[in-house]
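Report on one structure; see the data block that follows.
The values are calculated or read from the model by the stated rules, or taken from the named source; none is laboratory data. None of the values given here were measured: they were computed from a predicted structure. Neighbour counts run over all protein chains shown; Cβ positions are idealised from the backbone, glycine included. Calculation scope for accessible area: heavy atoms of the full protein, side chains included, ligands and nucleic acids excluded. Shrake-Rupley method; radii C 1.70, N 1.55, O 1.52, S 1.80 Å.
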Amino acid sequence: MTTTLIKYKAKRNFKESPEPTGGRAEGKNLRFVIQKHHASQLHYDFRLEMDGVLKSWAVPKGPSTNPDVKRLAMMVEDHPYNYRSFEGIIPSGYGAGTVMVWDEGVYELADANGKDKRTQDKELNKGIYSGKLHFILHGKKLKGEYALVKTHGRGDNGWLLIKVKDKYVSNEDVTLKDKSVISKKTLTQIQKTTTNIYGAKRVNESRVKKEIESEKKTSLVKIIKVGRRAKFPAKLSPMLATLVDEPFDDEAWQFEIKWDGYRTIAFCNKSKVDLKSRNDKSFNERFYPVCKAIQDWNIKAVIDGEVVVLDQNGKSHFGSLQNWRSEADGEIYFYVFDILWLNGKDLMQSRV
Ligand code: MN
């Protein structure tokens with residue numbers, strides 16, 4: 001806790017837990033984090049805790065301490081609360097690059113007047129809805145009042161991050177302070193030294209690749225010979241499981257696990273990949289790491305499988321999948337059941 005906060009607490013009778021960085025449940029204060037993120041383009045991810053998640057804005061130029069400088073802040077998807085302490089490397093897919101915890105701390109509504117977290121949460125939510133948020137940051141780099149104001153003409157997600165006049169106003173460029181508040185490293189140093197690699201997409205990729213390879217070796221040569229020539233299919237419905245009365249065992253049958261996930265068909269035309277749900281909805285954006293991994297295979301095929309989120313024991317959890325929004329929400333996998341079409345041949349009538 002900074003001395004600023006101790007003073008602040010004494011002044012406003014703020015009930016702060018001794019370990020504000022503990023869990024979501026213990027924290028009496030709202031927290032914020034700003035992550036400097038060197039993805040395809042350098043930007044700062046500005047995140048405010050609200051309702052147990054992190055409301056997030058990508059700020060290309062980073063925050064300013066000068067009230068005359070308005071910084072564009074594009075609202076992006078909510079991130080899970082535990083994302084706020086992440087510093088390291090996102091290996092591939094959306095947002096691939098190095099992440100630094102540039103600043104962090106607690107924050108409160110500008111006119112909190114001792115209101116508790118839940119009340120502030122409610123008012124902040126109204127602010128999100130009305131497009132105007134005023135809050136006070138108690139960070140290590142950023143202090144004092146800031147505003148996030150929704151702008152017109154920048155699409156649905158365009159906001160401006162603005163410093164509000166108070167004693168913390170400064171003309172110095174605060175982004176020149178370029179070290180992490182947790183590791184004291186620069187982005188380059190983090191990139192070179194971190195062992196903290198987020199997500200498991202590299203693992204997923206090699207795992208699925210192996211499955212495809214083994215499938216190719218065992219049965220592909222055979223089925224391609226018998227496959228019927230067919231155009232690249234535009235639409236297909238996956239074959240669903242048939243309900244039987246009792247479990248059975250039969251040598252003529254191959255059994256697969258019934259996964260608790262989303263049945264997904266991947267239409268792969270080299271680097272153009274379309275992930276489709278059972279109802280022909282696109283999963284491309286929703287499960288972007290899977291899409292990216294399949295793009296990298298660079299194959300012409302239609303693949304039937306299931307997108308799942310696995311826990312440490314390899315069990316799939318449907319709830320985790322439903323809530324999955326980014327690498328922070330768990331390890332995402334695409335389990336391949338079948339190849340329906342490959343290099344100009346329809347393989348559906350000739351399954352072996
Ligand atoms: Mn980012």
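Take the conditions in contact (Cβ under 8 Å) with a residue 12 or more places away in the chain and either farther than 18 Å from Pro63 by Cα or open to solvent by 50 Å² or more (accessible area, probe 1.4 Å) (or both) and apply them to Ala147. Does it pass? Give the steps one after another, and end with the answer.
Working: in contact (Cβ under 8 Å) with a residue 12 or more places away in the chain: yes; either farther than 18 Å from Pro63 by Cα or open to solvent by 50 Å² or more (accessible area, probe 1.4 Å) (or both): no.
No: the conditions fail for Ala147.
Here is a check on your reading of the model: is Ala39 closer than 19 Å to Leu176 by Cα, within 14 Å of the ligand (Cβ to nearest atom), modelled with pLDDT under 90 and touching a strand residue (DSSP E or B) at 6+ places or on another chain (Cβ under 6 Å)? Spell out the reasoning first.
Working: closer than 19 Å to Leu176 by Cα: yes; within 14 Å of the ligand (Cβ to nearest atom): yes; modelled with pLDDT under 90: yes; touching a strand residue (DSSP E or B) at 6+ places or on another chain (Cβ under 6 Å): yes.
Spelling it out, Ala39 is indeed closer than 19 Å to Leu176 by Cα, within 14 Å of the ligand (Cβ to nearest atom), modelled with pLDDT under 90 and touching a strand residue (DSSP E or B) at 6+ places or on another chain (Cβ under 6 Å).
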Determine whether Lys141 is open to solvent by 10 Å² or more (accessible area, probe 1.4 Å), away from the ligand (no atom under 13 Å from the Cβ), closer than 21 Å to Gly153 by Cα and in a loop (DSSP other than H, G, I, E, B). no
What are the residue pairs meeting all of these: first residue in region 64-91, first residue at pLDDT 95 or above, second residue of a type in the set (S, T, N, Q) and open to solvent by 40 Å² or more (accessible area, probe 1.4 Å), Cβ atoms under 6 Å, and 6 or more apart or on different chains? Asn66/Asn171
In region 289-343, how many residues are under 14 Å from the mean Cα position of the chain (by Cα), surrounded by fewer than 17 Cβ atoms within 10 Å (Cβ to Cβ) and part of a helix (DSSP H, G or I)? 1
